[in-house]
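The values are calculated or read from the model by the stated rules, or taken from the named source; none is laboratory data. Quantities reported herein were computed from a predicted structural model and do not represent experimental measurements. All Cβ positions, glycine included, derive from the backbone under ideal geometry; neighbour counts span all protein chains shown.
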Amino acid sequence: MKFRSVFDIIGPVMIGPSSSHTAGAARIGRVARSLFGREPKWANISFYGSFAETYRGHGTDVAIIGGLLDFDTFDERIKTSLEIAKEAGMQIKFVEEEAIPEHPNTARVSIGDDEGELELVGISIGGGKIEITELNGFQLRLSGNHPAILVVHNDRYGAIAGVANVLAKYAINIGHMEVARKEMGMQALMTIEVDQNIDGQVLDELSTLPNILKVAKIVD
């Protein structure tokens, strides 16, 4: 196993008693916020497995809401994130699910406002590391530890090649890429983790490609 830094071994600088239950939860919430692109007006959080059993004592609830408020894992405001969110008018609901998940630290995050909604499933795999395994019904594998581009597109010939050509044009190296689709010939989702941050010019050019419906990014 390769580590990028000492913090990948000992865990991140964080608020809370548990890297899995606190730092990981904050990162799941922050990825949801990043993909949504703004602060949501409401949030329904379903906890599974160990998350459901211990989320209050381990601060998983305040951490995941802190992430939705765009607080980093070490931000002291995480401790009072529930109060901050409510003061901002965010409606919050927590649900303890009884279903047995594939991973014990699993959360389903549904957020939205008058302009749209987003739903993702995230798991905390230890040491503050996470994986996003589902986004709006698409199955995927996103670490949240690298800059990433998510591209919703029509499932048509040439769509993937067009995106790859734009990234090559800007000398952006792809570290991991996968494509998910719900049904052949319908909508699909490209998940692309890259080695450097992506500026707005790249996203704008990707958005103009044929069959591309939506482009979003996650910044490391």
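Of the residues examined, residue 106 is not one that is over 24 Å from residue 218 (Cα atoms) and either buried (at least 16 other Cβ atoms within 10 Å of the Cβ) or not basic (Lys, Arg) (or both).
Applying a threshold of 7 Å to beta carbon distances and a minimum spacing of six or more residues, or different chains, the list of pairs starting in segment 177-195 at a residue that is closer than 11 Å to residue 135 by Cα and ending at one that is surrounded by fewer than 20 Cβ atoms within 10 Å (Cβ to Cβ) and among the basic types (Lys, Arg) is empty. Number of residues in segment 162-214 that are over 18 Å from residue 139 (Cβ atoms) and assigned to a loop (DSSP other than H, G, I, E, B) equals 13. Restricting attention to segment 131-152, the residues that are part of a strand (DSSP E or B), closer than 22 Å to residue 168 by Cα and touching a Lys or Arg at 6+ places or on another chain (Cβ under 8 Å) total 5.
The single condition from (1) of a type in the set (A, V, I, L, M, F, W, C); (2) surrounded by 12 or more Cβ atoms within 10 Å (Cβ to Cβ); (3) out of contact with any strand residue (DSSP E or B) (no Cβ under 7 Å at 6 or more places or on another chain) that residue 161 fails is (2).
For segment 126-167, a residue qualifies if it is closer than 14 Å to residue 180 by Cβ and of a type in the set (Phe, Trp, Tyr), and exactly one does: 138.
Yes or no, residue by residue, for (1) among the acidic types (Asp, Glu); (2) surrounded by fewer than 17 Cβ atoms within 10 Å (Cβ to Cβ); (3) at pLDDT 90 or above:
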{"residue": "172", "(1), (2), (3)": "no, no, yes"}
{"residue": "178", "(1), (2), (3)": "yes, yes, yes"}
{"residue": "197", "(1), (2), (3)": "no, yes, no"}
{"residue": "200", "(1), (2), (3)": "no, yes, yes"}
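Among the residues making up segment 178-220, those that are touching a Phe, Trp or Tyr at 6+ places or on another chain (Cβ under 6 Å) and within 12 Å of residue 151 (Cα to Cα) are 180, 189. Checking 100, 130, 111, 174 one by one, the residue that is out of contact with any Phe, Trp or Tyr (no Cβ under 7 Å at 6 or more places or on another chain), under 20 Å from residue 35 (Cβ atoms), in contact (Cβ under 8 Å) with a residue 40 or more places away in the chain and among the aliphatic types (A, V, I, L, M) is 130 and no other. Going by what's in this entry, would residue 178 be described as in contact with a His (Cβ under 6 Å, 6 or more places away or on another chain) and not assigned by TED's automatic domain parsing to the domain that holds residue 60? It is false that residue 178 is in contact with a His (Cβ under 6 Å, 6 or more places away or on another chain) and not assigned by TED's automatic domain parsing to the domain that holds residue 60. Residues of segment 99-114 that are at pLDDT below 95 and in a loop (DSSP other than H, G, I, E, B): 99, 100, 101, 102, 103, 104.
On the stretch given as segment 51-95, residues that are within 24 Å of residue 113 (Cβ to Cβ) and of a type in the set (S, T, N, Q) total 4.
Residues in segment 43-74 that are loosely packed, with under 15 Cβ neighbours inside 10 Å and closer than 16 Å to residue 88 by Cβ: 70 alone.
Just to verify a result, which residue in segment 67-97, among those that are of a type outside the set (Gly, Ala, Ser) and without any contact (Cβ under 8 Å) to a residue 24 or more places away in the chain, is farthest from residue 133 (Cα to Cα)? Within segment 67-97, the match that is farthest from residue 133 (Cα to Cα) is 87.
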